[in-house]
Structure formats: structure tokens, C-alpha cells
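Encoded as C-alpha cells, the structure appears first; notes follow it.
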Amino acid sequence: MPSVWFELLATCPHTGARRGRLHTPHGMVETPAFMPVGTQGTVKTVGSEDLEALGFEQVLSNTYHLGLRPGSERIERLGGLHEFMSWKKSILTDSGGFQVMSLAQMLKIDDEGASFKSHLDGSLLHLTPERSIQIQGQLGVDISMALDQCPPYPASRDQVADAMRRTHLWAPRCLSARRQGQAVFGIVQGGVYEDLRVESASVICDLPFEGFAIGGVSVGEPTELQYPVVKYAAPLLPVNKVRYLMGVGHPKDILNAVSCGIDLFDCVLPTRMARHHALYTLNGRVNIMGKKWEEHNGPVDEGSVFPQTERYSAAYLRHLFKASEPLGARLASLHNLGFYARLMREIRESIVTQSWPELAERYRLA
RNA sequence: GGGGAGUUGCCCGAGUGGUCAAUGGGAACGGACUGUAAAUCCGUCGGCGGACGCCUACGAAGGUUCAAAUCCUUCACUCCCCA
């Protein structure tokens, strides 16, 4: 048995939704699942004990950022990333592929790899597929992502095809660079072009990865373009392996993708929105800085989510943000992560109880 | 009592004759954010009207000038120094 494997428990008869379990060295992840994003080994403003209390079973962290600071060798000497951030459950790391896009202006890329000029001090970080996998191995995470080239949106078909070709070139090199027992997920590229997605899936899914991801979405394309990609790309991935949609997304995007057969998600939205004073509720996103909350002496979201945040009034939360008190960002982060945790829990239940339409209706405004 | 500095839009603060409804900050109000260089970025911010514009504004009142936040006179208030 490989260190990471997927167990499909049920499939929704009406949609493509799947209920499953992702088994990792640091425990089981009930899917569909959402991973909070902890780029620098921390889900901003919340601690590992909070993530446990919220019920998350896997977090995402980042190869590029941790490789640069404090360095993967140091983290390895300190006992690995789990030990470093005192997180006992599963960790998946992004390979740095997203930074190939987001930090493109300080990057040189060729078939060999990507050379970053560090955003911290200008020093050079050479990220090859081998080095990316090596760093993730040193971090000791449960799941490493293959290094890919994630093209931005908009990008020409030629650029997308070129990024895909390079991603395919790198995929086998990632597999041969892994440590004994290191699980690696492959990434399908191809942008918004169906034929490229088909080609990419056939290449990537032919390789012995432990799981498969759809990359290159949620990079700025409109929803009307993202949904079709997920719809035709998800079924191209093996049924018996976990399917991960990278970087998604809004609650409605997650609902859509689950119904297309996606099992795993990550997104900065709940935590970033929280720091930008936006709170998720079943009635839509709320800007807690808004004047209307000035004297609202009750929680923003009645009947919400995380007891630790429900005790605080909207007026108080607004005040914390107005006064730039860090507690505001923290409470809002807990609130939003609580919202996402509940969303995923209800998604999992709905697949089993076959109450998908009711669920979709419940989150209609979210 | 004598000498000096000052009073600008919600606040701080530039501006010393026309290009000023007035630079910059902050506050306030609104918006964006999807594998995090993001507790960030963008917009509005005297009133009315679509733009052009008109009205009211730079302590108060008068004056000089084609033209004043800017120059002169008086008054009010604030701060500093010397007695």
C-alpha cells in the first residue's frame, strides 16, 4: 500500500459528486475536503490548535516560500514541517508552480527549471522539478505537488500549450526525484482549451502519481470559463485516485466542482477575505467595516459556526478592524474558516443523504 | 507691557497674486480579491447638475487689483520669547 491512497466511499447518483477518504501518513482526510492555505507554515492569524478545533484534516503550505525562508534543510533539522508548526495532521505543499506565474516578473524559465530572484533579498533560487521535490521531501510533508508551469489568464493558446508541454516534461522528472515513500500528485494543465486538457490528462494520468490535480484555473478567468473546464476535465482523471482542484475557490465554485467529481480544494479566500474584513454568511459576503454594522449588537451570522467567534458582536468586530487590532483579523479568519469547514461537512453529508439540491439552495447566496 | 509666529476643507498639513474647489497624509464611505510578495490594492471624499458648468469656500470685516487662500488695514483667537 502506498503512503497516500484514496478510498471512494460513495458517488452521488444525480451529480458526479464523490464521497471518499484520502489516507495519508498523518491521518485520514474525509473528502470532499478543503485545505486552508498556510503559505509560510502558518494559516495567517490562526494556530494549529484552531485548525484542529475547526476540524480541518489537511493544510496546504508552500515550497517556494519555505525553501527561501527558513529553508528546507533547517526545517528538516528541526524535525520536519509537522513538528515545526506543531500540526499533527496531513500537509500538502504546492511545488512553487503557482509562483512561476505570480512572481513571473522576477523569474527566468526554461525546460531545465525556473530561476527565481527572491522577493525577499534578490538572491537566486533555482527551482527545478528535482529541487522542488527534494525541498518537499525535506519538509517531510504527506503530499508533494509536481512542479508545473501555471500560465496566467489571459494567455495565448501557444503560451498555454507551451506551459503544458513543459509541465509534461517535468512530471516524470518529479517522480524520479522523490524519496522513498514520498507521495507526489501530478498536475493537468491546458488552460481553457478542451483539447489541451484532454491531451494533458492523458499524459499526466498515465504516470504513477498518487493523486491528480487540475491546475491553471482560478488564475483570473471568468467563472463562465472555469466551470466548463472543471466539468470536462474532472472526469478525465482516474476514478480511483483523489482529484484536486487547485486554488478554488468561492463557495459556489466548490459546490460546482464537487458536483463535477472533485475531492480536494485549497484557496486563500477565507483567510484573505477575513483580513480584508469580509465575512462569509449564508446570506452572502458581508463587509464588516460597513456603516450598517456600527451598532449591530449581535453576531454577524446568527446561528454560526464557531462558538469562539459567535460570542462577539458585529459592532465589536467592526471596531477591532477600525482600530487595526489584530484580533479582528483573527476572529474573522476563524469565522470564515468555520464557514468553509461547515460547507465541506454539509457537502459530505449531502452526497451520502442525496440531498444535493437542498444543499445548493442553502448556499445559493454564499 | 514689548517682540515674534500663526489661524486652510472632518483632522493634520502644503500652498505666498491668475494654471486653486485648493498637493500630501489620516479619518470617513464604497469596491476588488480564487495552488498568498496581499492585515493589500482601487475609487469617492464642499454643494448641485451627465461631461462643460454654476454656487459656496482658505479666522472675521473692509480695501487694493482685470484677478486674492496668497497684498494692505482693523478686529478676534492661539502659541513662543523677553519683561
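The table below gives the values:
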read-out: Residues within segment A:261-301 that are farther than 14 Å from A:ALA332 by Cα and either open to solvent by 10 Å² or more (accessible area, probe 1.4 Å) or under 21 Å from the mean Cα position of the chain (by Cα) (or both), tallied; value: 18
read-out: Cross-chain or 6+ apart pairs with Cβ under 6 Å, segment A:315-329 first and free of Cβ contacts under 8 Å to residues at least 40 places away in the same chain and assigned to a helix (DSSP H, G or I), then open to solvent by 30 Å² or more (accessible area, probe 1.4 Å) and more than 8 Å from RNA strand B (Cβ to nearest atom); value: A:ALA315/A:GLU295; A:ALA315/A:HIS296; A:ALA315/A:ASN297; A:LEU320/A:LEU327
read-out: Complete set of residues in segment A:86-127 that are assigned to a strand (DSSP E or B) and of a type in the set (S, T, N, Q); value: A:SER90, A:THR93, A:SER115
read-out: In segment A:182-227, residue surrounded by the most Cβ atoms within 10 Å (Cβ to Cβ) [restricted to those that are in contact with a Gly (Cβ under 6 Å, 6 or more places away or on another chain) and not in a loop (DSSP other than H, G, I, E, B)]; value: A:SER200
read-out: Failed item, numbered, when A:TRP170 is tested on (1) closer than 13 Å to A:GLY97 by Cβ; (2) touching a Phe, Trp or Tyr at 6+ places or on another chain (Cβ under 9 Å); value: (2)
read-out: Residue list for segment A:55-79, filter: in contact with a strand residue (DSSP E or B) (Cβ under 8 Å, 6 or more places away or on another chain) and either within 12 Å of RNA strand B (Cβ to nearest atom) or part of a helix (DSSP H, G or I) (or both); value: A:VAL59, A:LEU60, A:SER61, A:ASN62, A:THR63, A:TYR64, A:LEU66, A:GLY67, A:LEU68
read-out: Yes/no for A:LYS291 being among the basic types (Lys, Arg) and more than 9 Å from RNA strand B (Cβ to nearest atom); value: no
read-out: Residues (of a type in the set (A, V, I, L, M, F, W, C) and in contact with a Lys or Arg (Cβ under 8 Å, 6 or more places away or on another chain)) located in segment A:11-26; value: A:CYS12
read-out: Selection status of A:PRO36, within 16 Å of RNA strand B (Cβ to nearest atom), touching a strand residue (DSSP E or B) at 6+ places or on another chain (Cβ under 6 Å) and of a type outside the set (Val, Ile, Thr); value: yes
read-out: Scope segment A:4-54; condition in a strand (DSSP E or B) and open to solvent by 50 Å² or more (accessible area, probe 1.4 Å); matching residues; value: A:TRP5, A:GLU7, A:LEU8, A:LEU9, A:THR11, A:ARG21, A:MET28
read-out: Those residues of segment A:222-275 which are of a type in the set (A, V, I, L, M, F, W, C) and near RNA strand B (Cβ under 6 Å from one of its atoms), in sequence order; value: A:MET246, A:VAL248, A:CYS267, A:VAL268, A:LEU269, A:MET273
read-out: First in segment A:86-105 and at positive phi, second anywhere and crowded, with 16+ Cβ neighbours inside 10 Å and part of a helix (DSSP H, G or I), Cβ under 7 Å, 6 or more apart; value: A:SER86/A:SER48; A:GLY96/A:THR63; A:GLY96/A:TYR64; A:GLY96/A:SER132
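The values are calculated or read from the model by the stated rules, or taken from the named source; none is laboratory data. The model shown is predicted, which means the values in this text are computed figures rather than measured ones. No Cβ is skipped: glycine too gets one built from the backbone with ideal geometry, and neighbour counts run over all protein chains shown. Keep in mind that these areas ignore ligands, DNA and RNA; they rest on the heavy atoms of the full protein, side chains included. Shrake-Rupley method; radii C 1.70, N 1.55, O 1.52, S 1.80 Å.
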